[in-house]
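Inspection log for the structure reproduced underneath, given as structure tokens.
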Amino acid sequence: MKKSYLFSPGPTPVPPEVSLAMAQPILHHRTSQFTEIFNEAREGLKYVFQTERDVIILASSGTGAMEAAVSNVLSPGDKAVCIRGGKFGERWAEICESYGVIPVNIDVEWGEAVKVEEVARVLEANPEVKAVLWQASETSTGVKHPTEELASLCREKGVLSIVDGITAIGVFDVKTDQWGLDVVVSGSQKAFMLPPGLAFICLSEKAWEAVENSKCPKYYFDLKKELNNQKKGQTAYTPAVSLIMGLRESIRLIKEEGLENVFKRHALLAKATREAMKAIGLELFSKSPSEAVTAVKVPPGIDGGKIPKILRDKYGVVIAGGQAKLKGKIFRISHMGYVTKFDMVLAVSAVEGVLKELGYDFEVGAGVKRAQEILWGE
Ligand SMILES: *Cc1c(COP(=O)(O)O)cnc(C)c1O
């Protein structure tokens, strides 16, 4: 008998209340019933994004909103600084290139956060740059970049801040309006506790002005057209009706817990996970750890690829391995979304189990003990 547990940094587990909301009969989208649900979800997104502005809902994975950010705000020939400290940072640069936007790349050692002074230096050397693109939380390395500081640098230099908040919004504090972020994107299958399929994007007034001048080709991801429709409780094309019904419910759950408490829970679960890994002699990969996901170095002599594989096939526990050049070198445990203290104890216990099986030498239970000390109060 095997039970399944999901600790991957997307998709994340879905609460039963949300599954039930999505199991309701499909509504036709050009009806007042749908509009009511859609408007409630839209209002709720403002709360989670900490913004007064519209948050546009798109039917796509998170990357769709990243693409929409570039294609609606920038133009071919524009220069944009891309902070590349992991797979998703590289994605920003790839999207820019696809639209003829010239990326000015800042390559950050994987596992480290970008230094604000370095970005300032690059902006000074490239005064024609229009925007800086980064990840608030770089999921591939478990790194949190200094979003508030980067945003204030962008304001000072008069360039747009374009932030991938896909594993940040609803995980830790990102004050979209207060920090003056120009574009923030997120997706459904991370902290929003939904299946994959929805993406969200929020633009500042300055970003909407840039939309007016953008010359990139666009059709499905035409944000101006979407905004006009969404303000009327409609979408330009057929929306992901069931996911939006789920979104209204997941936001209700987030509101019920309170955003501050959601952040506190993530911070506690992340700390317990980090400390547990250290307690069994493992090293963390990220020098600036994100509360969304903990990246852990595979100890020497252990076949890193086997850790997620055995966990998945034998234990029913899904964690993530390393991506690209980190394949086999790290594993990643998510504590994002519908995750509780008990779940974290289970995840740590499962990691201990597989490491024991692979011959890693440590005191079994030391990680679980450390996690519990933190979770139940030191
Ligand atoms: C998951 C994720 C994405 C989006 O990936 P999709 O597969 O398109 O949903 C983008 N950025 C980050 C940081 C992510 O974690």
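Every number in this text was worked out from the coordinates using simple rules, so none of it is lab data. The shown structure was predicted, so the numbers you read here are calculated from the model rather than taken from an experiment. A quick note on method: Cβ atoms are made from the backbone with ideal geometry, for glycine too, and the neighbour counts reach across all protein chains shown.
A few points about this structure:
- Among 222-230, 162-170, the order from most to least packed when residues are scored by Cβ within 10 Å on average: 162-170, 222-230
- Taken along the Cα-to-beta-carbon direction at a fixed 7 Å, the label points for A366 and E212 span 6.3 nm.
- Qualifying GluC sites (Glu not before Pro) for the stretch 312-374 [loop in DSSP, other Cβ within 10 Å: at most 16]: E363
- Förster-model FRET efficiency, 41 Å R0, T238 and V122, C-beta, rounded to 0.05: 0.45
- DSSP bridge pairs, the stretch 118-230: antiparallel proportion in percent, nearest 5: 45 percent
- Mean-position separation - Cα centroids, the stretch 1-60 and the stretch 157-203, in angstrom: 15 Å
- Ranking V114, G359, N126 by Cα position along the charge dipole of the chain, where only Lys, Arg, Asp and Glu carry charges on their C-beta atoms, puts G359 farthest toward the positive end.
- Helix 116-125 vs. the chain, principal-axis angle (Cα, 0 to 90°, nearest 10): 40 degrees
- Distance from the alpha carbon centroid of the stretch 355-369 to that of the stretch 100-124 works out to 39 angstrom.
- Between L253, L181, L203, the GNM of the chain built on Cα springs shorter than 10 angstrom shows L253 fluctuating the most.
- Using 0.36 nm per residue and subtracting the Cα-Cα separation, the extra length available between K255 and D313 on full extension is 17.3 nm.
- Calculated [θ] (222 nm, deg cm²/dmol) that DSSP helices of n ≥ 4 give over the chain, each run adding -39,500 (n - 2.57): -13000 deg cm²/dmol
- Protection-proxy order for peptides 193-201, 295-303, each taking the mean of Cβ atoms within 10 Å per residue, highest first: 193-201, 295-303
- Under 5 Å, built H, 5+ apart or other chain: amide partners of I102: G77, D78, K79, A80
- Selection of chymotrypsin sites (Phe, Trp or Tyr not before Pro), the stretch 203-234, meeting DSSP coil and at most 11 other Cβ within 10 Å: Y219
- Cα gyration tensor category, rounded, prolate or oblate, for the chain with a/c compared to 1.5: oblate
- Taking every DSSP bridge with both residues inside the chain, close to 50 percent are antiparallel.
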